[in-house]
1. Identify, among L205, T220, G157, the residue whose Cα sits farthest towards the positive end of the charge dipole of region 144-240, taking +1 on the Cβ of Lys and Arg and -1 on the Cβ of Asp and Glu, with the dipole about the Cα centre.
2. For the chain, what does -39500 (n - 2.57) per DSSP helix run (n ≥ 4), summed and divided by total residues, give at 222 nm, in deg cm²/dmol to the nearest 500?
3. Around P168, what is the net charge, scoring Lys/Arg as +1 and Asp/Glu as -1 over all other residues with Cβ under 15 Å from its Cβ?
4. Relative to the Cα centre, what is the charge dipole magnitude of region 217-269, using +1 at the beta carbon of each Lys and Arg, -1 at the beta carbon of each Asp and Glu, and rounding to the nearest 20 debye?
5. Which order do the peptides 230-239, 263-272 take when ranked by the mean count of other beta-carbon atoms within 10 Å per residue, highest first?
6. Each label point is 7 Å from the Cα along the Cα-to-Cβ direction; what then is the distance between the points at T213 and A307, in nm?
7. In debye to the nearest 20, how big a dipole does region 144-240 give about its Cα centre with +1 on each Lys and Arg Cβ and -1 on each Asp and Glu Cβ?
8. Which is farthest toward the positive dipole end of the chain among A193, Q53, S263, measuring Cα position about the Cα centre, with Cβ charges +1 (Lys, Arg) and -1 (Asp, Glu)?
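We did not get these values from a lab; they are worked out from the coordinates using the rules stated. Just so we're clear, the structure is a prediction, and the values are computed from it rather than from any experiment. All Cβ positions, glycine included, derive from the backbone under ideal geometry; neighbour counts span all protein chains shown.
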Amino acid sequence: MRRPSFKPFVLTAGLLLTVAACGSSSSTSPAAAERAPLDGVKLTIGAKDFAEQNILAHLTAGLLRGSGASVETKEVKGSANTRKALEAGEIQLYWEYTGTAWITYLGNDEPISDAAQQYDAVAKADKATNGITWLPGAPFNNTYALALSKEKAAELGVKSLSDLAKVPPSQATICVESEFAARNDGLPGLLKAYGVDVPEDNVKLLDTGVIYTETDKGQTCTFGEVFTTDGRVKALGLTVLEDDKKFFPVYQGAPTIKTDTLSKHPKIAEILAPLSQKLTTEVMQGLNAQVDVDGEDPADVAQDWLAQEGLLK
């Protein structure tokens, strides 16, 4: 790298004192103090054990570090354990999904189809019952869906889940995970809600990663269970069928934090608000693809995106 040349210059004693005095006052100015509202605060950000959660944890950690906090990230296995870690104070914040909280933690059977109403109901109930505050949610919705290759979608003429009813049984093969095959808010409930009769032999149980590749091939299965923010949907060019009867719960993501922690550090909400506003389903698909498809590290993906979006101080 070429180095710029500098011409020597001389400062008088008076000018030196002036410069020193200015430098001294700027280091303790109110503006400087305001740039680090979480100075001295130690936080652990939790993440469930999959790519999206780790990306969200590192995005959150990056912003909080930029505001002076000392932050670590911690991956926890499964939703239940991550929630328990928050309740026990092992982590101070993590991203949760409205559908998961409404059904799993708050014990409701029926989801609310409207995303805003679902968020409001979850936030109100969780704060009142469990002392957990939901910070403003992001626009993305990581819900279940059925997808198929673009070629198969064009061949069969299907765009929505209602169109499944007109697919010949020989073509109505569906690949799903074992849990999704047994849940009421999974395949059994889905087929019932849409009035679709699929032969038992047409349902194939596969691991998550295999479902995406086999759905793309369109041989073992025509349709596959996917998550709407998964990067492999975009990378493989899969067509996601519209849930036109709104059967699946809304799984809107939002940072969750114990209310007493937020009371001690209210600036956290303000710091994270710009991040939440930018995380659409399409943005999360792209970020997830960098990890699940390209094999990049979640921490690097998060840091690069924060810099790209101008969110780092």
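1. Going by the charge dipole, the pick is G157.
2. Numbers: 14 runs with 137 residues, N = 313.
So the helix-based figure for the chain works out to -12500 deg cm²/dmol.
3. Details: positive: K152, K166; negative: E155, D163, D197, D201.
That sum, taken over residues with Cβ under 15 Å, equals -2.
4. Numbers: 8 positive and 6 negative charges, 56 e Å.
Rounded to the nearest 20 debye, it is 260 debye.
5. On the way: 230-239: 19.7, 263-272: 15.9.
The most tightly packed comes first, giving 230-239, 263-272.
6. For the pair T213/A307, the computed spacing is 3.3 nm.
7. Numbers: 10 positive and 14 negative charges, 65 e Å.
Here region 144-240 has a charge dipole of around 320 debye.
8. Projecting each Cα onto the dipole axis, the largest value belongs to S263.
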